[in-house]
Structures are given as C-alpha cells and as structure tokens.
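Structure record follows, encoded as structure tokens.
The values are calculated or read from the model by the stated rules, or taken from the named source; none is laboratory data. Since this is a predicted model, take the numbers as computed values, not measurements. Because the Cβ atoms are built from the backbone with ideal geometry, glycine has one as well, and the counts that use them run over all protein chains shown.
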Amino acid sequence: MPSPLEFLSSRRVGLFLALTATLAAAEPGGSLAPHAFLQQLCDDFGGRLTGSAANVRAMDRLAAELRGLGYAPEKRSFTMPGWERGDDRVDLVEPLARRLRVASLSYTQPHTAFTADMVDIGNGRPADYPAGDVRGRIGLLAAGTPLQAADFVSAAEARGLRGLLFVNREGGGQLLARTGSFSGRPLPLPVYSIAQEEGQWLQRLLTRGAPVRVRLETQSRCRPIETANLVLRIPGRVASRLVVGAHFDSWDLGQGAMDNGIGIAQLFALAQTLRGAAPYHTIELVWFNGEEQGLWGSRHAAAQLGDAPVVAMMNLDMVGVPIGVNALGDDALVPALERWHTARAEAQRLPKGVENINWLASDHTPYQLAGVRTITFNGPIPRESVRYYHDLADTIDKVPPKLIEDSTAIISDLVQQLARDESLPSARRQSVDTELLFTRFNLEKRMRAMGLWPFPAK
C-alpha cells in the first residue's frame, strides 16, 4: 500500500497525464482533434450501416460538432433501397454439425430455413460449374472470382442453385461484408461470405467427393429507407464550387474506422482548418450515406447538381498518407495538380507525383457520370491494418492519430490551393468524353455488371 505522499505524487502524475491527453485531443476553440472525434464516433456508435439507428445518431453527433465550430451543416434527405442484417446463420450438417462463420451480403432476403447439398462452382462462371444437374444445391464460390456479384448471382440463378457461400479472400477468420447488388434489387437467392479457413475446408471435402450438407437460415431483409447526406458550404467569391466528399456510412460488423472513418475525420479536419476562410471558389464538404450498398448518397448528390458550376470533386475514401494525387483519368485536371505539386517544397513532394488512372466503385463515379472532373489520392494504408476492413476488426486502433494528421496536411494544402486558383474554370465533360473516360480504362464491362453504364449501345 503506498504512503500518503506516494499516493499524492502518483495522483498528481495521473492528473497531469490526463490533462496532457485532453489538451492533445483538443483543437483551438475547444473542438475535438479529428482523431479524438473519430475515436468517440467509433466507440460510441460502432458501425454506421445506412438506415440504422447508429448511423443516424452518429451523423447527429457530427452535425453537432460542426455547429460547435460555428457552421450550419445541412442534412439533405433522400430515399434508397435499404437493407438490415438479421440473425442469419449457416450450419454445417454433414459430415459433422458445426455453425459456420458467415455474413450475408446486402440485399439478401429472408427465406424459410432449408438444408441442401453443396457443390464447388470455382469462380462461378458457367464453364466452372460441374457437369450434371446442380439444381437445389448451394454453391461454394472461390475467393479469386473475377466476376461482379450481379454476374455470379445471375449464373447461379440460371443453374438453379438455392444459395451461395463466397470464400473470403483474407485468412484469420475474416469476413468481407459487401453489397450483393449495386442496383439495390433484392437478391434471388441468399449469398454469404464465409471465412477463408472454413471455405477451404469445405472445398477439400468436396474435392474428395465427401458429402457436404449445410443449412441456411436468413432473417436479414430489404426495405426502402430515408437517409441523408450532410453538407457544409464555405462560401467563396464566386459560385463555382469545389466539392470534397467522403462516405459516412460503413458496414455493421466493426466500427468502420478505416472504411471510411478516415475520410470522416479528414473532412472534419478540413472544416476546422477552413474556419474563417474566404476562398475564391465555394467549398462544399459532403459526408455521403449509402456508399457501401451502391453509392446511393453520391448518386443523389450528383443528380441534384443540375447545371451548377463545379471546378472538381475530390473523393476521400480510405485515403492514408498520400504518396500521389490522382486525376482519375481526366487529362484536363493534370496541369492544375502539377502546378500544386511542383510548388511544394522538394521535401514535401509526393513520391508518385501526379497520377491519372480511373477506377470504380466509390463516390467519385456518380460525379464523373455527371460530367464533373474528379480527384483522389494514392494513399495506401499499411497491410497489417487494411486487411481487416469490412469486418469486426475494422476498429479505431487500426487508425493512428499521425495518419490523420499527416494525410490531412496534404489534403488541406491541395484543397486550399484549388479553392483559391482563379485560373481554374468550372467545366463539365460532354457525354461522349465521359464515355471515353471509362472505356479507355476498360471499365465498361464492370459498370454494366454493376448497373452503372448509362450510355446507349453502339
């Protein structure tokens, strides 16, 4: 037992450390530091699946913090095809009884529980199916399939399968939560992600010709929902706007700290940095909902643009400390990004410099389809952390404060440069040029499978 003097001394040290931590977590003006805010958001609400009570309460917390900074954030409501996870389960029945580690893909619907034989369908292409009748069975889909969900689900339905178990690409009991339908249409059969180790176990049994039977019971359900994006405008001297967005929603298995808590914190840090700013172009910060299920929030926001003048849209989706900035295939943006990059001190220049590579399935895509030029960053997250995204272990301990600090310093520098660049005009691509933006990067097939291809057949 410590003496009274030792107790008082240790108590003073404890109070000093607590005060130091509090000060470190606070920004000037009493606002929480971005990482501290993200930690509270993750710990207080958990995953932010769109349509869930946790999502609503977490967004209310964000709005309150922004009001504390002196802003007037606006919720912009929209409806979307929603989905909520129920008490789903898949049980191995033969050759032994065991509950399997699984997670249903979104838009899987409830059904009466059933038991069926399994069949290995490899990558899920029609040529991968075994000869003979597979109707009524449950397919085991390989982790390395190149197919989009719409394609392997369509093939499974055509062959009469009753369900699919999709082997996870990461080991260690991981489950990859993901959407089963970018269109939001309910799936015609239940589809589950299964832990890699258990999926490979089933594959070995099937390769030996051993009988494998499983029982599926799904209670997750589809339902229309009303949700909202949160928008913060920082007026500029002209109406043309620079949109900076990050998706607010996450999957429900973990905390959504990496995907996309990082982006939430980066936008929050931008809001702090831009207090009192008087940019040339108006800056619009947007926290999107519904990204994980099918980019619904950014689809809604892009559809509401009309003919509003837009300089560019910058997308922050799981951006670690940038090593490059990406014009996402739009050549017209490259000169402005090069000017920013070359103006930085040599020690601060990004190793990859300015890149120009288009890719899909995040919130920049709907803006691109609206003819808006888009930007993101090449900001890798360390492998030892990023392997856990979309699962139980996507937690705040995977996101160190320095990642938020260092990434935001670079992002903020570019945002402020673009926002004050009077030579940077607002511009929209013509439809033919937007189509070329995707075809030159061979993205048409994927976009068609995702239901995102808007251009007429030639």
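Residues of region 416-458 that are surrounded by 17 or more Cβ atoms within 10 Å (Cβ to Cβ), over 26 Å from the mean Cα position of the chain (by Cα) and assigned to a helix (DSSP H, G or I): Gln417 alone. Selection of region 33-53 for residues being outside any helix (DSSP H, G or I), in contact with a Leu (Cβ under 9 Å, 6 or more places away or on another chain) and either over 28 Å from Thr79 (Cα atoms) or of a type in the set (D, E, K, R) (or both) yields only Arg48.
Is it fair to say Ile381 is of a type in the set (A, V, I, L, M), touching a His at 6+ places or on another chain (Cβ under 6 Å) and either closer than 18 Å to Gly353 by Cα or surrounded by 19 or more Cβ atoms within 10 Å (Cβ to Cβ) (or both)? Give the steps one after another, and end with the answer.
Details: of a type in the set (A, V, I, L, M): yes; touching a His at 6+ places or on another chain (Cβ under 6 Å): no; either closer than 18 Å to Gly353 by Cα or surrounded by 19 or more Cβ atoms within 10 Å (Cβ to Cβ) (or both): yes.
It is false that Ile381 is of a type in the set (A, V, I, L, M), touching a His at 6+ places or on another chain (Cβ under 6 Å) and either closer than 18 Å to Gly353 by Cα or surrounded by 19 or more Cβ atoms within 10 Å (Cβ to Cβ) (or both).
Okay, residues lined up against (1) touching a strand residue (DSSP E or B) at 6+ places or on another chain (Cβ under 9 Å); (2) over 30 Å from Glu444 (Cβ atoms):
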residue	(1), (2)
Ser104	yes, no
Thr115	yes, yes
Arg125	no, no
Pro130	yes, yes
Gln148	no, no
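Checking Val319, Val310 one by one, the residue that is among the β-branched types (Val, Ile, Thr), at pLDDT 95 or above and within 17 Å of the chain's Cα centre (by Cα) is Val319 and no other. Would you mind stating whether Arg448 is of a type outside the set (A, V, I, L, M, F, W, C) and either under 25 Å from Arg344 (Cβ atoms) or without any contact (Cβ under 8 Å) to a residue 40 or more places away in the chain (or both)? The answer is yes for Arg448. Please go through region 251-264 and give me each residue that is out of contact with any Leu (no Cβ under 8 Å at 6 or more places or on another chain) and outside any helix (DSSP H, G or I), ordered by number. Correct list: Gln255, Gly256.
Okay, residues lined up against (1) within 23 Å of Arg208 (Cβ to Cβ); (2) over 32 Å from the mean Cα position of the chain (by Cα); (3) at pLDDT below 95:
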residue	(1), (2), (3)
Ser77	no, no, no
Ala97	yes, yes, no
Tyr107	no, no, no
Gly136	yes, yes, no
Pro146	no, no, yes
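Evaluating Ser154 against the criteria (1) within 26 Å of Gly82 (Cα to Cα); (2) in contact (Cβ under 8 Å) with a residue 12 or more places away in the chain leaves one unmet condition, (2). Scanning region 140-161 for residues that are part of a loop (DSSP other than H, G, I, E, B) and not small (Gly, Ala, Ser) gives Thr145, Pro146, Leu147, Gln148, Arg159, Leu161. Inspect region 108-118 for any residue being surrounded by fewer than 18 Cβ atoms within 10 Å (Cβ to Cβ), closer than 23 Å to Asp252 by Cα and hydroxyl-bearing (Ser, Thr, Tyr) and give the result as yes or no. No, because not a single residue in region 108-118 is surrounded by fewer than 18 Cβ atoms within 10 Å (Cβ to Cβ), closer than 23 Å to Asp252 by Cα and hydroxyl-bearing (Ser, Thr, Tyr). Within region 234-249, restricting attention to residues that are more than 23 Å from the chain's Cα centre (by Cα) and closer than 18 Å to Thr273 by Cα, the residue that is surrounded by the most Cβ atoms within 10 Å (Cβ to Cβ) is Arg241.
Put simply, of Ala271, Ala303 the only residue that is closer than 25 Å to Thr50 by Cα and surrounded by fewer than 20 Cβ atoms within 10 Å (Cβ to Cβ) is Ala303.
Picking from residues in region 190-224 that are crowded, with 20+ Cβ neighbours inside 10 Å and aliphatic (A, V, I, L, M), the one that is nearest to Met450 (Cα to Cα) is Val191. The condition (being in contact with a strand residue (DSSP E or B) (Cβ under 9 Å, 6 or more places away or on another chain) and charged (D, E, K, R)) is satisfied by just one residue among Asp259, Asp331: Asp259. Within region 274-293, restricting attention to residues that are over 21 Å from Leu32 (Cβ atoms) and aromatic (Phe, Trp, Tyr), the residue that is surrounded by the most Cβ atoms within 10 Å (Cβ to Cβ) is Phe288.
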